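What follows is a short report on a single structure.
The values are calculated or read from the model by the stated rules, or taken from the named source; none is laboratory data. Predicted model only: the values in this text are computed from it and were never measured. Counting neighbours? That spans all protein chains shown, and the Cβs are built from the backbone with ideal geometry, glycine included.
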Amino acid sequence: MAIELRVPSLGESITEVFIGEWRKGEGAQAAAGENLVEIESDKATVELAAPQAGVVSKVLKKKGETAQVGEVIGYMEPAGTPVGQKTPEPTKDAPAAPAATSHVAVHNEAPIATSSGTNGSGESRVMPAAARELAQRGLQASEVSASGPGGRLLKEDVVRHAEAPRAEPKQPAAVATVAPPAPSAPAKSAPVPSVGLSGSASRREEAVPMSPIRRRIAQRLVEAQQNAALLTTFNEVDMSAVMTLRNEHKDMFAQKHGVKLGFMSFFVKASIDALKMVPQVNAEIRGNDIIYHNYYDIGIAVSGGKGLVVPVLRNAERMSFSEVEQTIEHFGKLARDNKLTLDQLQGGTFTISNGGVFGSLISTPIVNPPQSGILGLHAIQERPVARDGQVVIRPMMYMAFTYDHRIIDGREAVTFLRRIKETIENPSRILLEI
């Protein structure tokens, strides 16, 4: 009997999903627990695994199509099923049954192809527009060299391959007949050829559907701008003390805890200290009420392949420096391996975003709703500053604090950011809690 492959439940608020890459196409064998297809929601991407060993007999929902939670998107035949047994068609009038229980690995992006341009099975990752171009020109993906990120085959690759000049066979020389010269005509101005427009492959376009995660990010960022009164205040911090402390203890720290001592743990601790001083920043507006949180769940913004994700350090006030660094490193590994879970991404009372790792000197971060504030960190640069009447060179960083002015006034915002500055410039305050 055929096994129905149904869209699993991905959360209370998720009803529609986007079908991604089929790891196993029709006729492909799969072991129990082996991933069959990617399913993208507006929060994360999951992989539907085979409930038991068998063969994928029918794919009902192709890549790029939408499906409802609980809907049948394909069938499998159990191992040992006689060849040729007909797979039943889904009954349109029947209500969707509950999603079958199966192993689901949650992540945030489809695995990128290897540098050789394959997906592990020897096949290039073909973009939708490239697939259409291949079909129109009667080419195979294996004939074309891929140049896209992670070895993806782009439409431009197919066009470039098809339009590449080819050596034509030599024809026997024909005997030319010489015609008498035509009567001379008045000279005319030659038309000016258009330059760089006609036949230029560089001006082609490719339409790629926006993933549910990217659509959700776009929606939330626009909502934040429309529904909150956002304002940003700036300050700069002298990183000398933290850098000296870090350089002095980083080797011993790494040897004892198995993780590097970074700057983020200092800013997490300094932010918690400032949040305790200005509790409005750790609060949110819910209807006509202000909800104050007596815990500190700090989100750390991470740039993923499909957009920004914010895994959360739960109860960060209870965490040591080593626990903060270990958790952040763990989140980074999960993000690279596309295995962050929904639980790790949901919630948070305050967010820290470090654009400095990409070289950003200054920017205005956008609040992550329903939070009321976000701290933006930037690149550390040596700059001349005045100290005790002398001009000295110090490692300086600009900080930006964007906040919801409906709940946080300017005085509280400036106080909050200045407290972080004072704590970072004198990190012993963290230990002494002063």
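Just a few scattered comments:
- Selected residue [more than 16 Å from residue 370 (Cα to Cα) and assigned by TED's automatic domain parsing to the domain that holds residue 237] from 281, 259, 309: 259
- Screening region 198-302 for strands (runs of 3 or more DSSP E) wholly inside it with 2 or more residues that are closer than 23 Å to residue 342 by Cβ and under 27 Å from the mean Cα position of the chain (by Cα) returns the ranges 298-300.
- As for region 71-84, it holds at least one residue that is of a type in the set (Ser, Thr, Tyr), modelled with pLDDT of 60 or more and crowded, with 18+ Cβ neighbours inside 10 Å.
- Sole exception among (1) more than 19 Å from residue 429 (Cα to Cα); (2) touching a His at 6+ places or on another chain (Cβ under 7 Å) for residue 261, by number: (1)
- Residues satisfying the stated conditions in region 129-150, i.e. within 30 Å of residue 336 (Cβ to Cβ) and modelled with pLDDT of 70 or more: 129, 130, 131, 141, 142, 144, 145, 146, 147
- Scan region 390-415 for residues that are in a strand (DSSP E or B) and among the hydrophobic types (A, V, I, L, M, F, W, C) and the total you get is 8.
- Considering region 303-330, the residues that are at pLDDT 90 or above and assigned to a strand (DSSP E or B) include one that is nearest to residue 346 (Cα to Cα), namely 312.
- Test for residue 32: is it hydrophobic (A, V, I, L, M, F, W, C) and in a loop (DSSP other than H, G, I, E, B): yes
- Only one of 344, 371 that is crowded, with 19+ Cβ neighbours inside 10 Å, under 21 Å from residue 217 (Cα atoms), in the same structural domain as residue 298 (by TED's automatic domain parsing) and over 20 Å from the mean Cα position of the chain (by Cα): 371
- Count of residues meeting criterion [of a type outside the set (Lys, Arg) and either loosely packed, with under 15 Cβ neighbours inside 10 Å or over 14 Å from residue 277 (Cβ atoms) (or both)] in region 400-413: 8
- So residue 21, is it more than 18 Å from residue 1 (Cα to Cα) and of a type in the set (D, E, K, R): yes
- Yes/no for residue 379 being out of contact with any Lys or Arg (no Cβ under 8 Å at 6 or more places or on another chain), crowded, with 16+ Cβ neighbours inside 10 Å and touching a residue at least 60 places away in the same chain (Cβ under 8 Å): no
- Among the residues making up region 423-434, a single one is at pLDDT 95 or above and either touching a Gly at 6+ places or on another chain (Cβ under 6 Å) or within 19 Å of residue 282 (Cα to Cα) (or both): 423.
- Residues (part of a loop (DSSP other than H, G, I, E, B) and either under 15 Å from residue 224 (Cα atoms) or modelled with pLDDT of 95 or more (or both)) located in region 361-388: 364, 365, 366, 367, 368, 369, 370, 371, 372
- Cβ-Cβ contacts under 8 Å between residues 6 or more apart (or on different chains), taken from a first residue in region 201-213 that is of a type in the set (A, V, I, L, M, F, W, C) to a second residue that is part of a helix (DSSP H, G or I), are listed as 201/156; 201/159; 201/160; 201/163; 207/129; 208/128; 208/129; 210/218.
- Per-region count, region 31-68, residues farther than 21 Å from residue 131 by Cβ, in contact with a strand residue (DSSP E or B) (Cβ under 6 Å, 6 or more places away or on another chain) and among the small types (Gly, Ala, Ser): 7
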